[in-house]
Each structure stands twice: as structure tokens, then as C-alpha cells.
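Below: the structure, in C-alpha cells.
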Amino acid sequence: MHELSIIYGVVSTVSEAMKDKPNVRILSVRMRVGALSGVVEGALQFGYEIATEGTMLAGSQLVVENLPVVIFCQHCGKPQELPGVQSFRCPVCNTPSGDIRQGRELEVESIEVEEAA
Amino acid sequence: MTTRIVELRQGVLKKNDELARALRTKFEESGLLVLNLVSSPGTGKTAFLERTLRELRAAGAHPAALVGDLETDNDARRLAASGAPVRQINTHGRCHLEAEMIGDHLESWRHEGWQMDNFDYLFIENVGNLVCPSSYDLGEAVRVALLSVTEGEDKPLKYPTIFNSSDIAVITKIDLAEPCEFNAELARKNLNEIRPGITILETSAKTGAGFPQWLEFLSGRRAGRMATQETAI
């Protein structure tokens, strides 16, 4: 369970980006979390409120976009999305592939802020 | 009051990733092959490493090891019996090692003979945990996932993230395969489902089975690294 460390990483990423804008209120934080990131949404949500307390993210909502794994299939000649992480084979032609094109993401994509007009 | 969306598009582990990249460059420049060993608690990482250090030294190599644990320096003391330089990193509750811990410790030990140029292999024994270490790059060249015959053949399916991000899978305690009714073929099949084409070694730190192949893998990877370096220069 290292999701708390991850949320602290989110707090510092956002605080750093917004350090010159102390008058904005952060309404929500949107993250992209790949199926191979080693992080699960439930644990992130569970720790979010506590970990953001007393920071500029306090009271904001965490929105997680879960990204499936996409491999590149040599046989089909194109990227293919996997239904899970139990088998790294093309779901169309069954060819194994270790060429991962999506699924390791662990990013803060954007934040929604409210500011005085 | 107006609301707007601010695009950030930043990796949460950006700081760790940047530190790891800097370490990797430093390791490569020193001709040091760095390996990150990950497994569950009790897989036998320490026994495996103990034998690896002894055999490498007997072959004239200069290996060193860093051991990560929540508490105690038991493992470092065990490994030091091999004669290789070994240091312990206590994470005090943290479930994984991070690049910053590696960098800071190496820096603080620099005046105690821990110059990277003195070694040719550095083994980092991560905290026993198959979940959290997968997210943290330590600047290693090779990530080694270990699983023992006592853990069951489906470990790779249960923890796909760590096995998928590893370069080699080492099956330990193979001398116990029979009493544990371990099906090596099934374990290999599961590893290949999660990481197609992964190199798999069956080893025993007790009997030495699989160690010639492991040492060959190590020297091959190190030679490969050096050759890449020379071409780059």
C-alpha cells in the first residue's frame, strides 16, 4: 500500500504548478492511472481526503481515469487493447506481445480551479 | 467567480523518475551493472544473493550489495559474510525503496570506500513486497523478480505488474520442488503470459543449481552494457 506516498506526490505536483496562484480554489484533480501502474483507484480515493488535509487540495475531488493496457501486436500490425492484465496476448489473434503502448501511466492530467473573475 | 481547467500532464513519480535516470547514467559511466531484486518476503532473496556474491567473488568479480528492509540490519550482516561490501537501508515503515534513498546513501558512503568505480556489480535487495516496488525505478539496468517453489505457480498472475516490469524471473528453492509439488512448466507458462519471452532461471541457493546460468546471464549483461558504452563513446 503505497497510495499515500502517491497522493503526496500529487499534492506536491499540483502545489508546485500553482505556487504563484494562491487565490485559486482547487475543485477537482483529474488523474490518469494505467492498469500496470501498480496503483488502484479505491486505495487512492480512500486516502485522498486525509492526505490532502491542510494542503491547497483540501476539499477537492479526485477524478480517476482508469486506462487499460494497450499492446502493439506484430501480427495485426496495430495497437490492441487488452481486457485485463492476466494475459499479454493480442485479443484478436492471440499472438503474445511484450510491446506495451499504454498502461503504465500515473499522471496528474489536469485540475479544475475556481478563481475570482 | 470563474472555473477553468488547468492542464498539467505530469507524472506523479516524476521526481523519482528523474533521480533514477540520473543514477542510471552515473552507473553506466562507472561500468557498473545494477540489479534490483524484488520478491515477496520469504522467497529467499538473501540466500540467493549470498551465494551470488560468493560465487562472483570466487570468479574474480567485485560485487557489492544494498539491502532494503523496514527495520534491522540482519540481512546486511548475513550478506557481509560473503566478504563483499554490503550496506543496509532501513525504510522505517516504508514498503519500498526509492531512487532518492539509493542516491543519498551512495553519496554519504562515498568516503567509506563506496566509490562506484570500485565495483562491477551492485545488487539492490528491495523490501520484500510484490506490489509497491513496481512503481519505483531505482536506476537499475536489470529488474529481477524472484519467486520460490513454495509460493505457487500462479504468483505472476496474481502480481502481474511486478512480473511484467521485470527483465528476468528467478525461481528459487528448486531443490524443494518435489515435496511442494511445484509444477515448473505451469510457472513458466504463467510467467510467459504476463511477460512474453522473459528469461527464466530455476535455482537453488542450497545446491547451487542454476547458478552457472545466472552468472553467465550477469556477465553477459555486463559485457553488453560495456559494449554499448564503448559504441556510444
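Tallying residues that are more than 9 Å from chain B (Cβ to nearest Cβ), in contact with a Lys or Arg (Cβ under 6 Å, 6 or more places away or on another chain) and buried (at least 19 other Cβ atoms within 10 Å of the Cβ) within the range A:31-66 yields 1.
Where in the range B:117-193 are the strands (runs of 3 or more DSSP E), entirely inside, with at least 1 residues that are over 21 Å from B:Met101 (Cβ atoms)? If you could, list the steps in order and put the result at the bottom.
Working: elements: B:121-125, B:142-148, B:168-172.
Of the strands (runs of 3 or more DSSP E) lying wholly inside the range B:117-193, those with at least 1 residues that are over 21 Å from B:Met101 (Cβ atoms) span B:142-148, B:168-172.
Residues in the range B:182-191 include none that are touching a residue at least 60 places away in the same chain (Cβ under 8 Å), more than 10 Å from chain A (Cβ to nearest Cβ) and of a type outside the set (A, V, I, L, M, F, W, C).
Taking (1) touching a helix residue (DSSP H, G or I) at 6+ places or on another chain (Cβ under 9 Å); (2) over 24 Å from A:Ile100 (Cβ atoms) in turn, B:Glu153 satisfies each apart from (2). Taking A:Lys78 as the residue in question, decide whether it is of a type outside the set (A, V, I, L, M, F, W, C), within 13 Å of chain B (Cβ to nearest Cβ) and over 24 Å from B:Asn129 (Cα atoms). No, not satisfied. Among the residues that make up the range B:21-39, is at least one of them within 18 Å of B:Arg143 (Cα to Cα), under 17 Å from the mean Cα position of the chain (by Cα), in contact (Cβ under 8 Å) with a residue 40 or more places away in the chain and within 13 Å of chain A (Cβ to nearest Cβ)? Scanning the range B:21-39, I find at least one residue that is within 18 Å of B:Arg143 (Cα to Cα), under 17 Å from the mean Cα position of the chain (by Cα), in contact (Cβ under 8 Å) with a residue 40 or more places away in the chain and within 13 Å of chain A (Cβ to nearest Cβ), so the answer is yes.
In the range A:61-74, the residues that are modelled with pLDDT of 95 or more reach residues that are in a loop (DSSP other than H, G, I, E, B) and polar (S, T, N, Q) with C-beta atoms within less than 7 angstrom, at least six apart or across chains, in these pairs: A:Ile71/A:Ser97; A:Phe72/A:Ser97; A:Cys73/A:Thr95; A:Cys73/A:Ser97; A:Gln74/A:Thr95; A:Gln74/A:Ser97. The set of residues in the range A:87-117 being part of a loop (DSSP other than H, G, I, E, B), free of Cβ contacts under 8 Å to residues at least 40 places away in the same chain and either buried (at least 17 other Cβ atoms within 10 Å of the Cβ) or within 7 Å of another protein chain (Cβ to nearest Cβ) (or both) consists of A:Ser87, A:Phe88, A:Cys90, A:Ser97, A:Gly98, A:Ala117.
The values are calculated or read from the model by the stated rules, or taken from the named source; none is laboratory data. For clarity, every value in this text was computed on a predicted model and none was experimentally measured. We place every Cβ from the backbone using ideal geometry, glycine too, and count neighbours over all the protein chains shown.
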